[in-house]
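Laboratory data are not the source of any read-out in this text; all were calculated from the coordinates shown. Quick caveat: nothing in here was measured; it's all calculated off a predicted structure. A quick note on method: Cβ atoms are made from the backbone with ideal geometry, for glycine too, and the neighbour counts reach across all protein chains shown.
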Amino acid sequence: MIRTVLSLLLSVLLLSPLHAEELKLQQVAQDVWAIVGPLTNRSPENLGNNATFGFVVTPAGVVLIDSGGSYLGAIKIHETIKTVTDKPVKYVINSGGQDHRWFGNDYFSAQGAIILSSRAARTDHEKRLLNQLGRAKALIGEEKFKGTREKYADELFDMQTTLTLGGFQFVIVHAGQAHTPGDAFVWLPDRSVMFSGDIVYVERMLGVGEQSNSKSWLDVFEKMAAYQPEVVVPGHGNPVPLATARKDSYDYLVTLRKKVSAFMKDGGDASDISQVDMSEYNYLLNADTLSGRNALKVYTELEWE
Ligand SMILES: [Zn+2]
């Protein structure tokens, strides 16, 4: 009887929409893991972890790429790491300026981890702090956001730095503004794995926001792609080969810029931006809400280029 109830309960849990908000652990190479969060917006269920994170288990401890979207979200990430290893998290690299890249810093810092980011990302963290706190809190809810507070990086780099731990090298490169002003990618030469942060979105549409620059985003992608990684752990979505990262992020941006540019040359007005036909990218999740917004942001960028 108890068994029936338990299995019934289990199937209910598995079928519940909450399950879709869970973090998914995926090994991408020896000692290298991706933690794939949902492609939805921040919510009380996902604790702001609506992104993809990664970690490497070295003999000297764990290096985590991005700390999660809240204090409780960071604990969730740590619990996921603990299913693989009981080694401590020694370093956290913030790959960019968005909340889910760094709102868990305070938690991991208290566990003894050293936090690293580009100088540009740190400036962005400071500049958008109140804005990001307000937005995340509104979406995640006061209760689940409890304990979240800012903790900026302990160590900064300008363009590039190499972190070495337990025989592993992490080449961290800030090649310019992409989704956010301080985006950086993390290259793991020993395993041919690239952690791209928000430079790459797959399966869901990327967002060209106020803090983004679509032109320099393309340059940054090229610099990242030049490493020819076997696996890309994106900022959003599942780990993929480089070709998929290119298709869903780079090609999308190139097409968007080309089409918006043609629309402007034809005398198109910003108020008619919905006429720019990007329907070939409707297979990407969130296309309905982001397509028009992205086109409009690119329109303003192109006015100034
Ligand atoms: Zn993001």
task: State log₁₀ I(q)/I(0) for segment 159-275 at q = 0.21 Å⁻¹ as given by the Debye formula over alpha-carbon point scatterers of equal weight, solvent excluded.
output: -1.12
Estimated vicinal HN-Hα couplings, Hz - segment 36-52 in sequence order (Karplus 6.51, -1.76, 1.60; Gly, Pro = x): 9, x, x, 8, 7, 7, 4, 8, x, 6, 9, 6, x, 8, 8, 7, 9
field: In degrees, nearest ten, helix 214-225 long axis to first principal axis of the chain (Cα)
entry: 50 degrees
task: State whether segment 136-221 is rounded, prolate or oblate according to the following rule on the C-alpha gyration tensor (a ≥ b ≥ c being the square roots of its eigenvalues): a/c under 1.5 gives rounded; otherwise a/b larger than b/c gives prolate, and the remaining case gives oblate.
output: oblate
query: Regarding segment 97-168, what are the three Cα extents along the principal axes, ordered largest first, in Å?
result: 41, 25, 15
- line: Note on segment 80-224: alpha-carbon gyration tensor, axes a ≥ b ≥ c; rule is a/c under 1.5 for rounded, else prolate if a/b larger than b/c, else oblate; result oblate
task: Using the Karplus curve 6.51 cos²θ - 1.76 cosθ + 1.60 with θ = phi - 60°, work out ³J(HN,Hα) for each residue of segment 68-79 in order, rounded to whole Hz, and write x for Gly and Pro.
output: x, x, 6, 4, 5, x, 5, 4, 4, 5, 4, 4
- prompt: Which pairs in the list LYS82/LYS151; LYS144/LYS258; LYS146/LYS223; LYS137/LYS223; LYS137/LYS259 are over 32 Å apart, alpha-carbon to alpha-carbon?
  reply: LYS144/LYS258; LYS146/LYS223; LYS137/LYS223; LYS137/LYS259
query: Among all the aspartates and glutamates, which ones have a C-alpha under 18 Å from LYS247's C-alpha, if same-chain residues fewer than 8 places away are not counted?
result: ASP198, GLU203, ASP219, GLU222, GLU230, ASP277, GLU280
query: GluC sites (Glu not before Pro) within segment 102-184: which are DSSP loop residues with at most 14 other Cβ atoms inside 10 Å?
result: GLU150
- prompt: Which entries in LYS24/LYS215; LYS24/LYS127; LYS215/LYS265 show an alpha-carbon gap greater than 22 Å?
  reply: LYS24/LYS215; LYS24/LYS127
query: What angle do you read, to the nearest 10 degrees and between 0 and 90, between the alpha-carbon axis of helix 287-304 and the longest principal axis of the chain?
result: 50 degrees
task: Find the relative contact order for the chain and round it to a whole percent, using C-alpha pairs within less than 8 Å whose residues are 6+ positions apart.
output: 14 percent
field: Nearest-ten-degree value, helix 252-265 long axis tilted from longest Cα axis of the chain
entry: 20 degrees
